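Peer 1: Before I ask anything, let me first share the structure, which is written out below as structure tokens.
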Amino acid sequence: MPEAPSWSTRRVVVIGGSMAGMLAAAAVKDHVESVEIIEAHDLPAGPGPRTGVPQAGHIHWLQTAGAEAMDALLPGSVGLLLAAGAHRIPVTTDMVIHSPEGWYRRWRRATHYVITASRDLTDFVVREQVMKDPRVRVRMQTRVVGLLGDRRTVTGVRVLAADGTEAELPADLVIDAGGRGTRMPQWLNGLGITGLTDEHVDSGFAYASRIYRAPVPTSGWPVVGIQADPRLPGPGTAGGILPIEGDRWHVSLMGGPGGHPTDDAEAFEPFARTLRHPLIADLLKHAEPLTDVGVTRSTANRRYYYERLRPWPEGLVALGDSVAAFNPVYAQGMSVAALGALALRDLLSAGSGPGLARRAQRAVARPVDAAWALAVGQDIHFPTTRGKRPNLADRLLHRYVGRLSRTATGSFHAATALTDVLSLQAPPTSLVRPSVLLTALVGPLRAPSDGPTFTRSERMLLDRLVADEPAGE
């Protein structure tokens, strides 16, 4: 028998069948009688592409904190992902990363991990787990066109079906997980709630991605990444290769204004050769392309500060990309959504009371704060970025983090301090603890690597690929 609802809410409406929407449903389902997810499109029956997610074609991973939050919301979900072919990559043990400060050392002691898989598979595993609960249903081909209620309390939503009919759906709690295209600011304005502040920071990067048949076994194969360096002249460029399910590589290439990659398949690998190191292009020579090239320019960082609004209506919470959307290169979106949903669940578990929605919105903002500082703190240093420019404090902090990153190429303590933050398990302020400051001052304890940090067994596999090349290639 399901648990009786532990607080006054009985009916929840979730706007959007996105990853954030499904995790929101997972967060509330044990505390209510019913959850209805309103989705503008059809949802695939299996691990297929979902309409309205342009970033799904590009490389994704779950940070450690995001994977743990997902597993707390849906116990066993990470295990199901791994059983379906996803990879658990220890950080930095199985990573070949060329940062602006050098090649990161592959420490044998892994303090964190990431989960790599196609976005389609991750969406499907989460969606299937959520939809198994009889309290959760989804209404597809239906759009939310407005909120019911007033500036004190939201009491439901107005929806528009595919046949043009409108209806009102009452709810004790409405959760906006509508993504980058959210209409929440306009809906709040319609309720008489004004004064919303927001930020929009756009580095102008575009992403081109393609899936390849890997030429080597992907189990235990490292993530490969060439990071952009904003200090270099010309457009910033970057790229990454993630092992995903089905013995495949998911490859994304990124470029700033004046150096955008295109959807021309013939230009994909030549673009990879223009990165700061040709490693990705060298690897792709041996891989078989399985898809066309997909491109997106929806890479701006955008945030709404809902938690600052007064008043904030009871019965309304926003999370996921509806609150903050990040440049996909930093792999934060899914993890921040999972952390926000987990914060909502924990509040509901503690009980209800006046101001619950406002407390929830503040709790959702906390993981956003950390991810926002990381993404924007990097993007503002590209000369093409619009929306914010670095001040003196930003430039000094960037120089310090660069020194710490340089130290991390030869210091386990520095590497762990950085990955604590990048994995969203520690706030950015942890980088200025006295012990970390001292580590950065001392500098790297080992000599930096002068090239890609493949293991001996990985190099043997790569040497075999080169030896098997037809003469003349």
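Peer 1: Mind checking whether some residue in the stretch 190-205 is β-branched (Val, Ile, Thr), outside any loop (DSSP other than H, G, I, E, B) and out of contact with any helix residue (DSSP H, G or I) (no Cβ under 6 Å at 6 or more places or on another chain)?
Peer 2: Taking every residue of the stretch 190-205 in turn, none turns out to be β-branched (Val, Ile, Thr), outside any loop (DSSP other than H, G, I, E, B) and out of contact with any helix residue (DSSP H, G or I) (no Cβ under 6 Å at 6 or more places or on another chain).
Peer 1: Same structure again: Is there a residue in the stretch 111-126 that is part of a loop (DSSP other than H, G, I, E, B), closer than 30 Å to ARG403 by Cα, touching a residue at least 24 places away in the same chain (Cβ under 8 Å) and in contact with a helix residue (DSSP H, G or I) (Cβ under 7 Å, 6 or more places away or on another chain)?
Peer 2: yes
Peer 1: I need a count of the residues in the stretch 129-160 that are assigned to a strand (DSSP E or B) and surrounded by 13 or more Cβ atoms within 10 Å (Cβ to Cβ).
Peer 2: Final tally of qualifying residues: 18.
Peer 1: Sticking with this structure for a sec: Kindly indicate which of VAL174, VAL216 is touching a strand residue (DSSP E or B) at 6+ places or on another chain (Cβ under 6 Å) and either of a type in the set (D, E, K, R) or in contact (Cβ under 8 Å) with a residue 60 or more places away in the chain (or both).
Peer 2: Going through VAL174, VAL216 in turn, just one is touching a strand residue (DSSP E or B) at 6+ places or on another chain (Cβ under 6 Å) and either of a type in the set (D, E, K, R) or in contact (Cβ under 8 Å) with a residue 60 or more places away in the chain (or both): VAL174.
Peer 1: On to the next question. When the residues of the stretch 233-247 are narrowed to those that are free of Cβ contacts under 8 Å to residues at least 60 places away in the same chain and out of contact with any helix residue (DSSP H, G or I) (no Cβ under 9 Å at 6 or more places or on another chain), which ends up surrounded by the fewest Cβ atoms within 10 Å (Cβ to Cβ)?
Peer 2: My answer is PRO233.
Peer 1: Right, another one. In the set PRO444, PRO428, PRO448, which member is farther than 24 Å from SER298 by Cα, in contact (Cβ under 8 Å) with a residue 12 or more places away in the chain and touching a strand residue (DSSP E or B) at 6+ places or on another chain (Cβ under 6 Å)?
Peer 2: Values: PRO444 fails: touching a strand residue (DSSP E or B) at 6+ places or on another chain (Cβ under 6 Å); PRO428 fails: touching a strand residue (DSSP E or B) at 6+ places or on another chain (Cβ under 6 Å).
None of the other options fit; the residue is PRO448.
Peer 1: Another question about this same structure. I need the full set of residues from the stretch 58-92 which are closer than 12 Å to LEU121 by Cα and assigned to a helix (DSSP H, G or I), in order please.
Peer 2: Answer for the stretch 58-92, where residues must be closer than 12 Å to LEU121 by Cα and assigned to a helix (DSSP H, G or I): SER77, VAL78, LEU80, LEU81, LEU82, ALA83.
Peer 1: Just to be sure I understand the filter: pairs with C-beta atoms under 6 Å, separated by 6 or more residues or on different chains, first member in the stretch 187-207 and within 27 Å of GLY315 (Cα to Cα), second member among the hydroxyl-bearing types (Ser, Thr, Tyr) and surrounded by 12 or more Cβ atoms within 10 Å (Cβ to Cβ). Which pairs pass?
Peer 2: THR197/TYR305; ASP198/TYR304
Peer 1: Would you be able to tell me the number of residues in the stretch 260-315 that are assigned to a helix (DSSP H, G or I), under 25 Å from the mean Cα position of the chain (by Cα) and surrounded by fewer than 16 Cβ atoms within 10 Å (Cβ to Cβ)?
Peer 2: Total meeting the criteria: 1.
Peer 1: While we're on this one: What's the total number of residues in the stretch 332-357 that are assigned to a loop (DSSP other than H, G, I, E, B) and either surrounded by fewer than 24 Cβ atoms within 10 Å (Cβ to Cβ) or β-branched (Val, Ile, Thr) (or both)? Please lay out each step first, then the result.
Peer 2: To start, the set of residues in the stretch 332-357 that are assigned to a loop (DSSP other than H, G, I, E, B) comprises 332, 351-355.
Of the ones still in play, those that are also either surrounded by fewer than 24 Cβ atoms within 10 Å (Cβ to Cβ) or β-branched (Val, Ile, Thr) (or both) are 351-355.
Summing the residues that are assigned to a loop (DSSP other than H, G, I, E, B) and either surrounded by fewer than 24 Cβ atoms within 10 Å (Cβ to Cβ) or β-branched (Val, Ile, Thr) (or both) in the stretch 332-357 gives 5.
Peer 1: Using beta carbons and a limit of 6 Å, which pairs, at least six apart or on different chains, have the first residue in the stretch 407-422 and over 15 Å from ALA110 (Cβ atoms) and the second one hydrophobic (A, V, I, L, M, F, W, C) and crowded, with 22+ Cβ neighbours inside 10 Å?
Peer 2: Short answer, once both residue conditions are applied: THR407/ALA414; THR407/ALA440; ALA414/LEU404; ALA414/ALA408.
Peer 1: Identify the single condition in (1) over 29 Å from the mean Cα position of the chain (by Cα); (2) over 13 Å from LEU316 (Cβ atoms) that ASP150 does not satisfy, given that it satisfies every other one.
Peer 2: Of everything listed in (1) over 29 Å from the mean Cα position of the chain (by Cα); (2) over 13 Å from LEU316 (Cβ atoms), ASP150 misses just condition (2).
Peer 1: Hey, another quick one. Take the conditions among the small types (Gly, Ala, Ser) and in contact with a Lys or Arg (Cβ under 9 Å, 6 or more places away or on another chain) and apply them to ALA426. Does it pass? Before you say what the answer is, go through the steps one by one.
Peer 2: On the way: among the small types (Gly, Ala, Ser): yes; in contact with a Lys or Arg (Cβ under 9 Å, 6 or more places away or on another chain): no.
Here the answer is no, as ALA426 does not meet what is asked.
Values in this text are rule-based calculations from the coordinates and carry no lab data. This structure is a prediction, so every number in the text was calculated from the model and none was measured. All Cβ positions, glycine included, derive from the backbone under ideal geometry; neighbour counts span all protein chains shown.
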